[in-house]
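Just so it is clear, none of the values below were taken in a lab; they were calculated from the coordinates. Bear in mind the structure is a predicted one, so any value in this text is a computation, not a measurement. Note: ideal-geometry Cβ built from the backbone for every residue, glycine included; neighbour counts use all protein chains shown.
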Amino acid sequence: MSNPDPISVFRTEAAELLEQIESGLLDLTRSLDDRDQIDAVFRGLHTLKGSGAMFGFDALAAFTHHCETAFDRVRKGDVPATHELVSAVLSAQDHMRALLETPNGDHDAMSTSLLDNLHRAVNGAGSPAPVAVAATAAAPVKEDAGGMREWRIRFRLPANAMANGTNPLGLLDEMRDLGDCKIVADISQVPDLATLEPRDMHLGWDVALKTDRPRADIEDVFIFVMDDMELEIAEIAGEKPAAAPKPVETPAAKAVVVAEREAPAIQAANDSKQNKSAENVRVPAERLDEMMDRVGELVIAQSRLTQLAGTAADLGLRSVSEEIERLSGELRDTMMVLRMMPVASLFSRFRRLVHDLSRETGKEIELITEGETTEVDKTVIDRLADPLVHLVRNSIDHGLEKPEERLAAGKEAKGQVILSAHQTGGEVIITIKDDGRGINRERVRAKAESSGIIQPGATLTDQDLLQLIFQPGFSTAQAVTNLSGRGVGMDVVKKTVEALRGTIDIVSKPGEGSTVSLRIPLTLAIIEGLLVRVGQGCYVIPLSAVEECLELSLEDDLRSRGRSFISLRDSLVPFLRLRELFRTGTEPDQHQKVVVISTGSERVGLVVDQIIGDHQTVIKSMSKLHHDVVTFSGATILGDGSVALILDVTHLIAVGQHQEAQLRAAG
Amino acid sequence: MSEAARKLDYETIWGGEEELSVLTFNLNGETFAIEAIVVQEILDLLPETHVPGSKSFVSSVINFRGKVIPLADIRLAFGMDATETTIDSRIVVIELDLDDEATLIGLRTDKVNEVTTLPKLASEPPPSVGMRWRADYINCLVKRGGEFIIVPNLHAIFSSKRDRTGAAQVPN
C-alpha cells in the first residue's frame with residue numbers, strides 16, 4: 001500500500017481528468033463561447049496526453065493529441081466551438097476511456113472513425129485544414145524574453161509552384177533560420193492516389209515560429225513567391241489572424257503590449273488553479289477507515305478515563321481527563337467530516353447521461369440540479385450511483401413524453417428532470433422530479449395482476465398501488481428499450497436504499513409528473529441511536545426511526561395478552577415484546593416502555609425494559625457468521641467497552657406486520 | 001463434503017511440508033491444534049454480548065480492539081457440551097479467509113497449551129467410521145504420546161454453516 005502501482009495511480013488520475021473534461025464539454029454545450037471551459041478542457045486533454053505518454057499509454061496519448069490539437073485551435077480562436085465539435089470530442093472521450101482500460105486492445109478502426117468525425121467537425125466550422133501530425137504540439141508557450149514573439153504562419157503554394165522552380169523546403173529552411181519553429185504539414189487537400197498529379201503542389205504548411213525579428217523579415221522569406229500564394233501571418237497570443245497576404249505595418253507596438261498584458265494574467269489564473277488542486281491529498285479509503293477505528297477506540301478509552309477520573313479525588317487528573325475528552329470529541333468530529341463529499345460528484349455524471357438519453361430517445365430534456373454542495377459520506381455516494389442512474393433513466397424513459405405529446409398536453413416541448421439534494425438533521429433527502437406524464441395507475445394494476453403480484457380487482461390505496469413498482473420482476477414498459485424496462489429495476493433500487501438504512505417514497509400525479517424521494521443517513525459510519533435495555537442486554541434503536549416513547553401501563557400490558565396492540569391517538573399499533581423475541585428469559589421490569597418506530601406509513605411498538613438515553617456511536621458491521629441474523633443491522637461499542645447490537649427497524653416492522661396479519665386471520 | 005475434498009483439505013494444510021506449526025489447546029479434555037499461522041492473539045475472557053437468534057456455536061460477539069467479532073464455541077459444532085469457564089479459559093482470536101474475505105473469529109477454549117510442531121508422519125485423515133464427531137469437521141488426527149491431537153477443519157466448520165444460510169444475505 002505504501003508503494004502504489006504507478007499505472008493504477010495514473011488510471012485513477014486519468015479517470016478524474018476524463019471526468020473533468022466531460023463536465024467541461026457538457027458545460028460548453030450550454031454556452032459555446034465560455035473561454036474558461038474551453039481552457040479547462042484543453043488543459044485536461046493536455047495533461048492526459050502528457051501523463052499518458054509518460055506511463056506508456058501510447059495509443060491513448062496519440063489519440064488524445066488530436067483532440068487536444070482541435071481544442072487548441074478553438075482556444076486560440078482559429079475555429080469557433082460548435083455543437084458538432086463538442087459532440088465529436090465527447091464521443092472521442094469515451095474512446096479514451098476504452099484506450100485507458102485496455103491499452104493493448106484493437107482500437108484502430110474506432111480511433112480512425114472518431115478522428116474523422118473530429119476533423120469534419122473542425123472543418124465544418126469553416127476553417128481551413130485539419131492537421132496531420134508531425135510535431136508534439138502545443139503547450140501554450142508563454143514568452144518571457146524581451147523581444148521574442150511568436151508567429152503563426154500558414155501558407156499554401158500555387159499548384160504549379162514546383163514547375164516554376166520554387167522549392168518549399170528552401171522556404172522552410174529560411175524560416176528555421178529566423179528562430180525556433182514547429183512545422184506541421186497540412187495534407188487536407190492531397191487528392192486520392194487515382195487523381196493525384198505528382199508534379200503538382202498539394203501541401204500547405206502551418207508554422208509556429210518564435211523569433212525576435214520583425215514581421216517584415218518573415219515576409220521577406222516569401223518575397224519571391226508572394227504574388228500568387230496564400231499566406232497568413234499572425235501573431236499568436238490573443239491577436240486574431242491579420243489575414244493579410246500583403247504586408248501591413250500597423251500592429252506592432254500596440255499588439256505587443258496587449259499580448260504581454262494578457263499573458264501574465266492567464267499565467268496567474270493557471271497558477272491559482274494549480275495551487276488549489278495541490279491542496280488535496282489522495283488517501284486510500286481503507287486508511288481513513290483504519291483511522292476511524294482508532295478514533296473509535298480512543299473515544300472508548302477516553303470515556304473509561306473519564307469514569308476513573310470522576311471517582312478519583314485528584315483535581316489534576318480530572319482536568320487532564322476533561323481536556324482529553326474535548327480533544328477526542330473534536331478529533332472524532334473531524335474524522336467524520338473527512339469522509340464527506342459533496343453530492344456534486346454524484347450529480348455531475350447525470351449531465352452526461354441526460355445528454356446521451358436525449359439523443360437516443362429524441363426527447364428534449366433539461367436537467368436541473370440543486371443542492372450540489374450537500375455533503376454525504378463517500379460510501380453513500382458510491383452506493384447511490386447505480387440506483388440514481390436507474391431512477392433518472394426511468395424518469396426519462398417512462399415519465400417524460402415526446403415533444404409533440406407534450407405540446408399537445410399544453411406543456412413546453414422541453415421536459416424537465418430536477419435532481420436535488422438537501423440535508424435535514426442527520427439525513428440527506430435526494431429527489432428526482434420530472435414533469436412528465438406521471439405513473440399510469442391502470443397499467444401498474446394490469447401488470448401487477450397479470451404477473452400475479454396482486455389478486456385481480458384487489459382494492460388498494462393509491463400509495464399501495466404505487467409501491468407495487470418496487471416489487472421484484474415488475475416493469476411496465478411495453479417495449480424493452482435500451483434504457484429500462486428489463487424489470488431488474490426498482491426492487492433493486494429499493495433494496496440498495498434500504499441497505500443504506502434509507503427509505504424511498506414516490507409521489508405521482510397523472511399528467512403532471514412524478515417525484516421519487518430518497519432519505520438516506522448522511523453517513524454509514526455513525527448512528528444517532530436510542531439506547532435501551534431488554535433483559536440484561538443493551539440495544540440501540542436508530543433514532544431516525546423512533547417516533548415516540550411511552551409507558552406501557554399495567555392494564556395495557558395485561559389486556560394485550562391476547563392481542564398485542566396499543567391504541568395510540570385512535571389508531572391501533574401492533575407491538576412486539578423484545579424480551580420474548582430475544583428469549584431473554586427474564587422477568588419484565590415493573591415499568592416497561594414502548595418505543596414506537598416507523599418507516600413511512602407503518603408503525604410498530606417495541607416493548608423494552610428501560611430506556612437509557614440517546615447515544616451517538618460508531619457503527620461496526622457484524623461479521624459474516626452473523627449475516628443470517630436479520631434482526632440486527634450492526635453493532636456498536638459502548639462507553640464501558642461492551643458491545644450493543646443495533647436493531648434493524650425494517651425487519652422488526654415486517655415481523656410486527658406478520659404478527660398483525662396472523663392476529664387478524666385468527667379473528 | 002466428499003471424500004476427495006477432504007483429502008484435498010488434508011493435503012493443503014500440510015502444504016507439502018513434513019511438519020506443521022500449531023497452537024494446541026484443550027476443550028472438554030480433548031486436545032485440539034490449529035495452525036499457528038492463523039492465530040492472531042490470545043485473550044483473557046472479555047464481556048460477551050449475546051446475539052439473539054444466532055446459531056448456537058456463534059451465539060455472541062466481543063469487542064476485540066474496537067472491532068466487533070463473533071465468539072465461537074467449536075465444542076457445540078462438534079456436539080460436545082458447553083462447560084463452565086475456569087481460571088484457565090482463554091479466547092484465541094484467529095483470522096480465516098471466508099469467501100475471500102479475511103474474517104476475525106474468537107474461539108473459546110478451556111486452556112491454551114503451547115505452540116509446537118506436529119510431524120506429518122504421525123498424522124492420518126479422520127476415519128470415515130467409528131467417530132463420535134462429524135468427520136468433515138476434522139482435518140486430521142495426529143498421534144502424540146498416548147493421545148490423539150485433533151486438527152479441526154476450521155473452513156468446513158465456519159463455511160458450511162454459512163452456506164446453509166447464504167441465501168438470506170442481501171445482494172448488493
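Is there a pair in A:Lys620/B:Lys111; A:Lys363/A:Lys433; A:Lys363/A:Lys495 whose C-alpha atoms are over 20 Å apart, and which pairs would that be?
Values: A:Lys620/B:Lys111 30 Å; A:Lys363/A:Lys433 16 Å; A:Lys363/A:Lys495 30 Å.
Violating the 20 Å limit, Cα to Cα: A:Lys620/B:Lys111; A:Lys363/A:Lys495.
Do the sum for chain B: with -39,500 (n - 2.57) for every DSSP H run of n ≥ 4, divided by all residues, what is the mean residue ellipticity at 222 nm, to the nearest 500 deg cm²/dmol? Numbers along the way, then the final one.
Working: 3 runs with 28 residues, N = 172.
Here the helix-only value at 222 nm equals -4500 deg cm²/dmol.
Just add up the charged neighbours of B:Ala102: K/R +1, D/E -1, any other residue whose Cβ is under 11 Å from the Cβ of B:Ala102. Before the final figure, lay out each step's value.
Values: positive: A:Lys624; negative: B:Glu95, B:Asp97, B:Asp99, B:Asp100, B:Glu101.
Charge balance near B:Ala102 sits at -4.
Out of region A:395-459, which GluC sites (Glu not before Pro) are coil in DSSP terms and have no more than 12 other C-beta atoms within 10 Å? Let's see the in-between values first.
Working: sites: A:Glu401, A:Glu404, A:Glu405, A:Glu412, A:Glu427, A:Glu442, A:Glu449; in loops: A:Glu401, A:Glu412.
Loop-located and lightly packed - A:Glu412.
Calculate one ³J(HN,Hα) per residue across region B:54-65 by plugging θ = phi - 60° into the Karplus curve 6.51 cos²θ - 1.76 cosθ + 1.60, and present them in order as whole Hz with x for glycine and proline.
Calculated HN-Hα couplings, in order: 8, 5, 4, 7, 10, 8, 8, 10, 10, 8, 9, 6 Hz.
Once a ≥ b ≥ c are taken as the square roots of the eigenvalues of the Cα gyration tensor of region A:342-521, is the result rounded (a/c under 1.5), prolate (a/b larger than b/c) or oblate (a/b not larger than b/c)? If you can, show how the numbers build up before the last one.
Values: a/c = 1.74, a/b = 1.16, b/c = 1.50.
Because a/c hits 1.5 or more and a/b fails to exceed b/c, region A:342-521 counts as oblate.
Report the local net charge at A:Arg406: Lys and Arg +1, Asp and Glu -1, summed over other residues whose C-beta lies under 13 Å from its C-beta.
On the way: positive: A:Lys363, A:Lys402, A:Lys411, A:Lys414, A:Arg437; negative: A:Glu364, A:Glu366, A:Glu401, A:Glu404, A:Glu405, A:Glu412, A:Asp434, A:Asp435, A:Glu512.
Value of the local net charge: -4.
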